[in-house]
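Below: one structure, written as structure tokens.
Every number in this text was worked out from the coordinates using simple rules, so none of it is lab data. Predicted, not measured: the structure shown is a model, and the values here were computed from it. For neighbour counting, all protein chains shown are included, and Cβ atoms are generated from backbone atoms with ideal geometry for every residue, glycine included.
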Amino acid sequence: MEQVVVNKQKKDLLRGEYSAEEAKEIISNFITQKINFHNMRNYSSQIRYERPDENSLIRIEELKESRKSLMELINTAKEEGRTLKIDSTITIELI
């Protein structure tokens, strides 16, 4: 039997309505994990190659800006007593 490999997959990671507190926890944890990943990648580059990982440093700043912007929206929702709809899809492709 021949094995078929799918070259591209798309999966829903988040889909639903959340309270401001739930959204804050979900978004904060996700972005913190991504920042930690890039911090470790940068640290590894500094140890192994004696230079920073410039891509990771740029990505860390982008993620911090995203977190700030998203937290402002979540705080607005909390102040107004509103819920937030979050949809997040990941696409992975063999290249």
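Summary of computed values
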item: Ile27 free of Cβ contacts under 8 Å to residues at least 40 places away in the same chain, in contact with a helix residue (DSSP H, G or I) (Cβ under 6 Å, 6 or more places away or on another chain) and either surrounded by fewer than 11 Cβ atoms within 10 Å (Cβ to Cβ) or not acidic (Asp, Glu) (or both); result: no
item: Residue among Glu50, Glu61 that alone is on the phi > 0 side of the Ramachandran plot and either out of contact with any Lys or Arg (no Cβ under 7 Å at 6 or more places or on another chain) or surrounded by 12 or more Cβ atoms within 10 Å (Cβ to Cβ) (or both); result: Glu50
item: Breaking point among (1) surrounded by 10 or more Cβ atoms within 10 Å (Cβ to Cβ); (2) out of contact with any Asp or Glu (no Cβ under 6 Å at 6 or more places or on another chain); (3) more than 15 Å from Ala20 (Cβ to Cβ), for Arg41; result: (2)
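Listed here are the residues, each with its yes/no results for (1) under 23 Å from Glu79 (Cα atoms); (2) in contact with a Ser or Thr (Cβ under 8 Å, 6 or more places away or on another chain); (3) not in a helix (DSSP H, G or I).
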residue	(1), (2), (3)
Val5	no, no, yes
Asp12	no, yes, yes
Gly16	yes, no, yes
Glu25	yes, no, no
Gln33	no, no, no
Met40	no, no, no
Tyr43	no, no, no
Ser56	no, yes, no
Glu62	no, no, no
